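All remarks here apply to the structure that follows.
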Amino acid sequence: MVRQRSIFSFFLVLLATFLISCGGPGVAIAPPTYTALQLEKIQAYVPEIQAVRDRSDELKTLIQKGDWINVRNFIHGPITEARLHLTYVTSNLLPKDQPTARQITRDLFNDLVKLDKATSAGNPLVALNQSQAAFTDIDKFLDLLPKKEEG
């Protein structure tokens, strides 16, 4: 009788161990979401980034006119400020979106460097192409952001 109880106890311990190991914390983890504070921080920068994005035609006109001084002012002023805002926003994005956001910000920086070189050389074709690439990067970044909830 004692032998049967010890075998029965052994199987109960094995069964309990198996059941506990099957139910880990990974089973009930909810997908990551934005906190209200993160959304507030992100939305604080979106209008400023969008305002620079909306000025793309202004930069295009300056390049076409060959107004290189104002093109450089635009590059080193509003667009560089928008790039800083992208950097501030990146840390508040979901962890899965942060590497993409960092890459887009690096691409924007590289486009701005090439745009500045084209401006210094007075090359309107390259400048137009690089300005378009810069604004495309800003669009990609804006697409990563959570949409503002209406309610």
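The values are calculated or read from the model by the stated rules, or taken from the named source; none is laboratory data. All of these numbers come straight from a predicted model, not from anything done at the bench. Ideal geometry is used to build each Cβ from the backbone, glycine not excepted, and the neighbour counts take in all protein chains shown. Surface areas here come from the heavy atoms of the whole protein model, side chains and all, with no ligands, DNA or RNA. Shrake-Rupley method; radii C 1.70, N 1.55, O 1.52, S 1.80 Å.
Can you pull out the residues in the stretch 64-112 that are open to solvent by less than 60 Å² (accessible area, probe 1.4 Å) and outside any helix (DSSP H, G or I)?
Once the filter is applied, which keeps residues that are open to solvent by less than 60 Å² (accessible area, probe 1.4 Å) and outside any helix (DSSP H, G or I), the stretch 64-112 yields 66, 67, 92, 93, 94, 97.
A quick yes/no check of all residues on (1) loosely packed, with under 15 Cβ neighbours inside 10 Å; (2) modelled with pLDDT under 95:
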| position | (1), (2) |
| --- | --- |
| 114 | no, no |
| 125 | yes, no |
| 130 | no, no |
| 141 | no, no |
| 147 | yes, yes |
| 150 | yes, yes |
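Need the failing condition index for residue 61 against (1) within 18 Å of residue 128 (Cβ to Cβ); (2) surrounded by 14 or more Cβ atoms within 10 Å (Cβ to Cβ), just the number.
(2)
Quick one: what pairs do we get from the stretch 89-104, first residue under 18 Å from residue 47 (Cβ atoms), second assigned to a helix (DSSP H, G or I) and open to solvent by 80 Å² or more (accessible area, probe 1.4 Å), C-beta under 7 Å, 6+ apart or different chains?
Filtered contacts from the stretch 89-104: 90/102; 92/41.
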